[in-house]
Amino acid sequence: MNGRVYNFSAGPSMLPVDVMEDVAKNLLNYNGCGQSVMEMSHRSKEFAQIRNDAEADLREIMHIPDNYKVLFLQGGGTLQFAMVPLNLMTGTGKADYVNTGTWAKKAAAEAKKFGDVKIAASSEESVFSYIPKLKKEDFRADADYVHITFNNTIYGTHYSYIPDTGDTTLVCDMSSCILSEEIDVTKFGLIYAGAQKNVGPAGVTIVIVREDLLGKCDASKIPTYLDYKIHADNDSLYNTPNCFGIYVAGAVFKKIKAMGGIAEMSRRDIEKADKLYAYIDSSKLYKCPVKAKEDRSLMNVVFVTGNPDLDKKFVAEAKAEGLVNLNGHRSIGGMRASIYNAMPMEGVDALIDFMKRFEADNI
Ligand SMILES: *Cc1c(COP(=O)(O)O)cnc(C)c1O
């Protein structure tokens, strides 16, 4: 495959080859308009079409209702850690966070700068190896919102259910699982996701926000860029957006639509993950620290040998075979195979084949 490797990076991560080939074909002269999307005015009619299509296609594949706004912002998931409290922690000034890993913890720490944050539940005592079973009573009834991290990229866990928060707005970080499964958007007040894991190149952040949550902050007090309403009122064109990133993300949405939508992506993702977990569970050498099957991530498959030196050898030997970025996050070590939508089954098969040979040689 023209010198390309199977890239198991957690993000930025693989993109569909046919999307990149199409982008390459149109790089100097987009659709015959004589310019690259990189050179185009964000106010041009060509770019308006690109942005409008990207929004319409995302609405279609995610079944996003009309009373939600779709925003294409910058600043990654990290800026959302601040934008969420700045915009929504504006009633009682209280928000409840569920601590299921590094990103969840960072989100809560950022929110603490702006108000009263309570950790409603945590799996930290067990190195984030499971997702807590949350009940409505776990949350303060007067919280402005509850924040969860749907897929925990570093620890390889994922919610198998949407917590019941009663009348309290549910905010969800879907950075590493958006577009991998059908979700009921109406259960959430706000969903955000950085693009570089399962959508497109780094530099675009998708925010899906219910209209009644806009304008709840004092616009005279917060930086203009950080006010969701500004972006909602201006179709994400208040200032210059990441035009090229939105274009590539839009091409990915079109591809998903053509492939049969998110239901089809989900079917493939389950098939890939099931195969890899089944092999790990059957092997003598590898172990997945996430024991409860329903808590296991379909996107980030974490495993260890139990011997950090052997883990390092695994990562190095896999790399030599064109299976790259299999090291776990620098904070926890071990291995992590990120198998987002763009990872073909052939990549998972090649990984399992390598794992079998490595096991035979090292047990
Ligand atoms: C990667 C990641 C982030 C951070 O995203 P940036 O775009 O790098 O700011 C936040 N949340 C989750 C779940 C992630 O996986």
Close pairs (6 angstrom Cβ cut-off, 6 or more residues apart or separate chains): more than 15 Å from Gly261 (Cβ to Cβ) in region 182-193, open to solvent by 10 Å² or more (accessible area, probe 1.4 Å) and small (Gly, Ala, Ser) anywhere: Ala193/Ser175
Enumeration of residues in region 237-254 that are assigned to a helix (DSSP H, G or I) and of a type outside the set (Ser, Thr, Tyr): Cys243, Phe244, Gly245, Ile246, Val248, Ala249, Gly250, Ala251, Val252, Phe253, Lys254
Unmet criterion (only one of (1) in contact (Cβ under 8 Å) with a residue 40 or more places away in the chain; (2) within 12 Å of the ligand (Cβ to nearest atom); (3) among the aromatic types (Phe, Trp, Tyr)) for Tyr145: (2)
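Identify the residue in region 250-276 that is among the charged types (D, E, K, R) and without any contact (Cβ under 8 Å) to a residue 24 or more places away in the chain and, among all such residues, is least open to solvent (accessible area, probe 1.4 Å).
Keep residues of region 250-276 that are among the charged types (D, E, K, R), which gives 254-255, 257, 264, 267-269, 271-272, 274-275.
If we keep only those that are without any contact (Cβ under 8 Å) to a residue 24 or more places away in the chain too, we end up with 264, 267, 274.
Values: Glu264: 38, Arg267: 122, Asp274: 89 Å².
The qualifying residue least open to solvent (accessible area, probe 1.4 Å) is Glu264.
Restricting to region 289-325, count the residues that are over 22 Å from Met14 (Cβ atoms) and open to solvent by 10 Å² or more (accessible area, probe 1.4 Å).
Of the residues in region 289-325, 15 are over 22 Å from Met14 (Cβ atoms) and open to solvent by 10 Å² or more (accessible area, probe 1.4 Å).
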Cβ-Cβ under 6 Å pairs, at least 6 apart or on other chains, region 152-175 side farther than 14 Å from Val84 by Cα and free of Cβ contacts under 8 Å to residues at least 60 places away in the same chain, far side more than 10 Å from the ligand (Cβ to nearest atom) and open to solvent by 30 Å² or more (accessible area, probe 1.4 Å): Ile162/Lys187; Asp164/Lys136; Gly166/Lys136
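With a cut-off of at least 3 residues that are surrounded by 14 or more Cβ atoms within 10 Å (Cβ to Cβ) and in contact with a strand residue (DSSP E or B) (Cβ under 9 Å, 6 or more places away or on another chain), name the helices (runs of 4 or more DSSP H) lying wholly within region 1-100. So that I can check it myself, show each step before the final result.
Working: elements: 17-25, 45-62, 76-88.
Of the helices (runs of 4 or more DSSP H) lying wholly inside region 1-100, those with at least 3 residues that are surrounded by 14 or more Cβ atoms within 10 Å (Cβ to Cβ) and in contact with a strand residue (DSSP E or B) (Cβ under 9 Å, 6 or more places away or on another chain) span 45-62, 76-88.
Would you mind stating whether Ala56 is more than 30 Å from Glu321 (Cα to Cα), without any contact (Cβ under 8 Å) to a residue 24 or more places away in the chain and among the hydrophobic types (A, V, I, L, M, F, W, C)? Let's see the steps before the verdict.
On the way: more than 30 Å from Glu321 (Cα to Cα): yes; without any contact (Cβ under 8 Å) to a residue 24 or more places away in the chain: yes; among the hydrophobic types (A, V, I, L, M, F, W, C): yes.
In short, yes.
The values are calculated or read from the model by the stated rules, or taken from the named source; none is laboratory data. All values reported here derive from a predicted model rather than from experimental measurement. Neighbour counts run over all protein chains shown; Cβ positions are idealised from the backbone, glycine included. Areas reflect the complete protein model, heavy atoms only, side chains present, ligands, DNA and RNA absent. Shrake-Rupley method; radii C 1.70, N 1.55, O 1.52, S 1.80 Å.
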